[in-house]
Amino acid sequence: MVVIGAIASAIGIALALWINWFPADAAKQAHPVDTLYDVLMIVSIPIFVLVVTVILYSVWAFRMRPGQELEDGPPIHGNTRLEVFWTAIPAILLVSLCSYAYAVLNDIETKHANELVVKVHAIQFAWSFEYPQSGGRAVVSDQLYLPKDKPVRFDIDTRDVLHDFWVPAFRVKIDAVPGMTTRLRVTPTKLGTFPVVCAELCGLGHAVMRSTAHVLTPAAFTRWLAAKQAPPAAAGGGAGGTRQLSQQQLIALGRQTFTGDGGCGACHTLADAGTSGTTGPDLGRVLRGQSEDEIRTDIVDPNARITPGYAANIMPPNFEQTLSAQQLDGLVAYLATVSK
């Protein structure tokens with residue numbers, strides 16, 4: 001039993017450490033979390049092997065023999081010393097592992113000076129990200145943008161049900177709880193794009209409650225933030241107004257919004273845009289004969305009219321806040337061309 005248990009434990013530990021359980025890490029907090037996971041595996045596998053080996057041996061060694069069907073087993077008095085031993089050892093292991101886990105949690109949640117504050121708003125079934133600006137209007141985006149190597153504090157809330165904000169490459173996650181604001185700290189360390197998901201079953205559209213985290217160089221992040229803050233240039237080169245787009249440019253912007261920033265294609269099928277989402281209705285079918293006013297209402301107030309066969313409160317009702325006025329106008333113009 002000892003030999004079999006030792007071999008099985010060694011194989012199990014080696015296999016557990018060899019498998020890449022998580023995506024490539026992209027935050028300072030990821031490495032200590034991964035190490036904690038490895039330690040838990042190293043401790044847990046031998047215990048699992050020990051329990052299973054003893055059970056299998058007992059099933060074989062103390063099985064009922066022919067002729068013993070009506071016999072009771074011999075009375076056995078418990079071994080007090082053994083019971084103390086198998087109670088104390090697991091207790092010591094649990095306290096040690098909990099203490100180590102607490103130390104890791106305390107370390108990754110340490111507050112840093114000059115943290116970037118990002119407010120994360122959850123709503124069925126979309127994320128929006130708000131960047132408060134001193135003395136100015138906050139920047140709002142439906143995609144998450146972060147500077148590399150800059151400590152970030154997320155203030156997370158929900159406008160409806162329980163959600164869970166998670167970027168797997170950052171490892172850490174936390175619930176978005178109705179009626180309160182939860183916090184999470186991350187320091188991105190790798191440039192690139194990483195999926196943002198909801199890790200709490202939150203309704204019918206849970207699987208499509210996704211966004212993208214973009215980790216940029218500090219200079220690129222500053223440029224992005226400045227571009228989001230600056231008012232669009234007016235036609236003719238002036239400032240302070242909205243640059244007028246031609247109808248074709250507006251339609252092109254709408255198609256780009258549908259397939260990209262707006263995330264519409266994740267839920268809707270639309271042959272013209274090459275999307276095949278099934279959470280919402282096929283827009284190529286339901287948009288036929290719709291006016292621009294009706295299309296706009298369906299976007300900004302999706303519960304006003306529900307397509308038969310689909311439930312209410314699936315489509316996010318905040319596109320008027322997460323999309324710019326020009327994006328919204330473009331989306332309406334693009335979908336109007338499809339409806340003809």
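What number comes out for the charge environment of PRO151, summing +1 per Lys or Arg and -1 per Asp or Glu over other residues with Cβ under 9 Å away?
That works out to +3.
P(r) for the chain: what percent of alpha-carbon pairs falls in each 20 Å bin, starting at zero?
Taking every Cα pair in the chain, the percentages come to 23, 42, 23, 10, 2, 0.
Calculate, for region 17-124, the solvent-accessible area per residue in square angstrom, rolling a 1.4 angstrom probe over the heavy atoms of the protein chains. Each step should come with its number before you reach the end.
Values: 8210 Å² over 108 residues.
Here the per-residue accessible area is 76 Å².
Kindly give the semi-axes, whole Å and largest first, of the ellipsoid equivalent to region 275-315, taking each as the square root of 5 times a Cα gyration tensor eigenvalue.
16, 14, 9
Using DSSP, restrict attention to beta bridges with both residues in the chain and report what percent are antiparallel, rounded to the nearest 5.
70 percent
Would you mind counting up the charge near VAL215? Only other residues with Cβ under 9 Å from its Cβ, with Lys and Arg at +1 and Asp and Glu at -1.
+2
If we count every other residue with Cβ under 14 angstrom of VAL117's Cβ, Lys/Arg +1 and Asp/Glu -1, where does the sum land?
Surrounding charge for VAL117 is +2.
Go ahead and run the numbers for FRET between GLN68 and SER44, Cβ-Cβ distance against an R0 of 35 Å, rounding to 0.05.
0.45
I want the antiparallel fraction of DSSP beta bridges within region 116-229, as a percent rounded to 5.
Restricted to region 116-229, the bridges split so that about 70 percent are antiparallel.
Once you sort the root eigenvalues of the Cα gyration tensor of region 257-340 as a ≥ b ≥ c, which label holds: rounded (a/c under 1.5), prolate (a/b larger than b/c) or oblate (the other case)?
Because its axes are fairly even, with a/c under 1.5, region 257-340 counts as rounded.
For q = 0.11, 0.13 Å⁻¹, what log10 I(q)/I(0) does region 116-229 give under the Debye formula with an equal point scatterer on each alpha carbon and no solvent?
Taking Cα atoms of region 116-229 as identical point scatterers yields -0.33, -0.46.
At 7 Å along Cα-to-Cβ for each site, give me the label-to-label distance between VAL84 and ALA103 in nm.
Label-label distance for VAL84 and ALA103, simple model: 2.9 nm.
Based on DSSP H runs of at least 4 residues, each adding -39500 (n - 2.57), what is the mean residue ellipticity at 222 nm of the chain after dividing by all its residues, to the nearest 500 deg cm²/dmol?
Value at 222 nm, helices only, nearest 500: -13000 deg cm²/dmol.
Long-range amide H contacts for LEU216: which residues qualify at under 5 Å (H placed 1.01 Å from N, peptide plane, sequence gap of 5 or more or a different chain)?
Those lying under 5 Å, H to H, from LEU216 are LEU146, LYS148.
Under 5 Å between amide hydrogens, which residues at least 5 positions from THR189 or on another chain qualify, with H placed 1.01 Å from N in the peptide plane?
Those lying under 5 Å, H to H, from THR189 are ALA27, LYS28, ASP149.
I want to check the label-to-label distance for ILE306 and ALA219. Put each point 7 Å from Cα in the C-beta direction and report it in nm to one decimal.
Here the answer is 5.3 nm between the modelled labels.
Just to be sure I understand the rule: take each whole DSSP H helix in the chain, project its Cα atoms onto its long axis, keep it if the span is 15 Å or more and its mean Kyte-Doolittle hydropathy is at least 1.6. Which ones pass? If you can, show how the numbers build up before the last one.
Details: long enough: 2-18 (24 Å, 2.38); 30-61 (46 Å, 1.73); 80-108 (42 Å, 1.19); 218-229 (16 Å, -0.11); 247-259 (18 Å, -0.28); 325-338 (20 Å, 0.88).
TM-like helix candidates: 2-18, 30-61.
The values are calculated or read from the model by the stated rules, or taken from the named source; none is laboratory data. All figures in this text were calculated on a predicted structure; none of them were measured in a lab. Virtual Cβ from ideal backbone geometry, glycine too; neighbours counted across all protein chains shown. Side chains are part of the model used for accessible areas, which takes the heavy atoms of the whole protein and leaves out ligands, DNA and RNA. Shrake-Rupley method; radii C 1.70, N 1.55, O 1.52, S 1.80 Å.
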